[in-house]
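Shown next, in structure tokens, is the structure this report addresses.
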Amino acid sequence: SSSFDVNLYPNPTRDLFTVEVMFGTSVSATISLKDVTGRELMRPEQISNVSTFRRTFDIGHLGLGVYYFQLVTDKGTVVKPVVKD
């Protein structure tokens, strides 16, 4: 659970999706993208001292299916499914 909302769009997508988060206070976080087996598809990335986060990701090179965007902070963890169709 977490004290913030993660907005992920468009979902489903063909190539690109955007993640927006408003933390409300300065936090550090780790972001990652995983497949349904839990295998990491991108190196976990550290973001530091941010109160908002917005980034677009390209999954055009991945096969059709469901992937999971994960954001971990000391305030909680959020996992959002991303459907590539």
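The values are calculated or read from the model by the stated rules, or taken from the named source; none is laboratory data. Everything numeric in this text was worked out from a predicted model, so none of it was measured. Every residue, glycine as well, gets a Cβ built from its backbone with ideal geometry; the counts of neighbours run over all protein chains shown. The accessibility values were calculated without ligands, DNA or RNA, using every heavy atom of the protein model including side chains. Shrake-Rupley method; radii C 1.70, N 1.55, O 1.52, S 1.80 Å.
For the reader, a short list of remarks on this structure follows.
- Principal axis box of the stretch 19-85, alpha-carbon based, largest edge first, Å: 36, 20, 17
- Relative contact order of the chain: 36 percent, from C-alpha pairs under 8 Å at least 6 residues apart in sequence.
- Residues 32, 48, sorted by accessible area with the largest first, give 48, 32 [1.4 Å probe; ligands and nucleic acids excluded].
- Within-15-Å neighbourhood charge of residue 34 [Cβ basis; K, R +1; D, E -1]: +1
- Summed residue charge, Cβ within 13 Å of residue 20's Cβ, Lys/Arg positive, Asp/Glu negative: +2
- Take residue 85: with every protein chain present and a 1.4 Å probe, its accessible area is about 80 Å².
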